[in-house]
Structures are given as C-alpha cells and as structure tokens.
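A short write-up of the structure that comes next.
The values are calculated or read from the model by the stated rules, or taken from the named source; none is laboratory data. From a predicted model like this one, the values you see are computed outputs, not experimental measurements. Because the Cβ atoms are built from the backbone with ideal geometry, glycine has one as well, and the counts that use them run over all protein chains shown. These accessible areas exclude ligands, DNA and RNA; they are computed on the full protein's heavy atoms, side chains included. Shrake-Rupley method; radii C 1.70, N 1.55, O 1.52, S 1.80 Å.
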Amino acid sequence: MWATDGGRPAVTTVPTGPPAPAPPSSVVTTPKAAGSRPATSVTSTAVPDGTAISVLTPLSRHGIGPITAGMTLRAAQDAARITVTPPPGGGCTAVSLDGVESTIVLVVEPPSAAGADPMDGVVRAVTGSVNPTDEGAMIGQSRDELVAALGQPTETVDRSSVFGPGADFLVFEAGGYAYGALVLDDMVIGLHSGDPGWLDDADDCVA
C-alpha cells in the first residue's frame, strides 16, 4: 500500500494520450429523514480500467477512497468507477466488486422529491474496509489503542441493548465528518465513516 522511491534509474515516459477527465462531483446537504430504512443490495461491476475502491482501501473520516459522504450515488459511481443499482427506498447497500461480494456497505439517503431519480440519493456513511484507517484506527484494536490513534471520542453511545453488556459506539468527529467505532469487550469490532448523524445507520447495517 505504501510506495517507496530510491535508487531507481531514470525512465523516459512517452504519453499515450490525454489524461482522463476528473469524475464529476455533486454534494447534497439534506437533513436526515426520520424512521428506519430497509436494507437492500447494490451491485457494482468493474469497468475495463478497474474500480477505484476495494476492501483493502482504507477508510478516511469522510468516506472511502474517492467516495465522500454527501455525494450523490451517481457521483460516487463515477468517482469509484463502479456501476451501481440504487436501493429503491434507501438504506444499507451491500456492494459487490468485480462480481464478488465484499464487506463494503454504503448507507444511502433516498432523494426526497417524488419521482426523483434514485441515483440522486445521497451516500451518508460507509463501512467495510479491512485495512486500518488513514489515522491508524483498525478492527481488533483495544479501546485504548483506538483512542491513542484518534483522540478522545466526541460522543459515546451505549449499544449494550443490541450487542450485550459493555458495548459502546464511539464517534470521533472533526471537520464535519467522523469515524464511528463499535467497541465490545474492550475490542474494536466495527469501523465506519462519513456523516456523523448517519454513523449509527452504518452500525445497524452490520448488527
């Protein structure tokens, strides 16, 4: 995952064509709707030049790879070079990459306007990377190791009613985005990122 540079001879590169244009981006800031959202599935298929995300792509506080919470599903599709089928009612969307089921899950808020294109739904949170986050948080850490990586949580939610005694959901918000970590028996068993108000939905996706 990390590139090193040193001691390699100079190489002359001949361009083969103009660079690909940057994918479009769209950010929507609609409020979270009340009520639960059904779990549905999303299928994504790699395009010839390959997808830009995988289960090895680390989470960042704002999302995963080029997918940022607040993007429309269409913009996320373009940014990650995947093809998605939007969930009709929003909710948890399990993503498959190259036809193989993965652990990546997006939480999508459906568009509010009647008859709107479902691709205008908004990605609010993401979970499922198996690698450490950009800041060094990872599944399998102790609570102390998590706090050492991310600092003190900005919010702690008791999840013992769902996961048993001692289960907490910790939120680490900064700059309008956040990590969410499910901690059980002093061990991190789930990591999510994106819109702070929607991280609990990502937690419920894997409950």
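Annotation: ARG74 carries an accessible surface of approximately 80 Å², with a 1.4 Å probe and no ligand, DNA or RNA atoms counted. Were the residues from ASP185 through MET119 laid out at 0.36 nm apart, the gain over their Cα-Cα distance would be 19.8 nm. Between ASN131 and ALA174, the modelled label-to-label distance comes to 2.0 nm, taking each label 7 Å out from Cα in the direction of the beta carbon. In region 112-207, Cα pairs under 8 Å separated by at least six residues give a relative contact order of 26 percent. Length gained on full extension, VAL157 to ASP144, computed as 0.36 nm times the residue gap minus the Cα-Cα distance: 3.0 nm.
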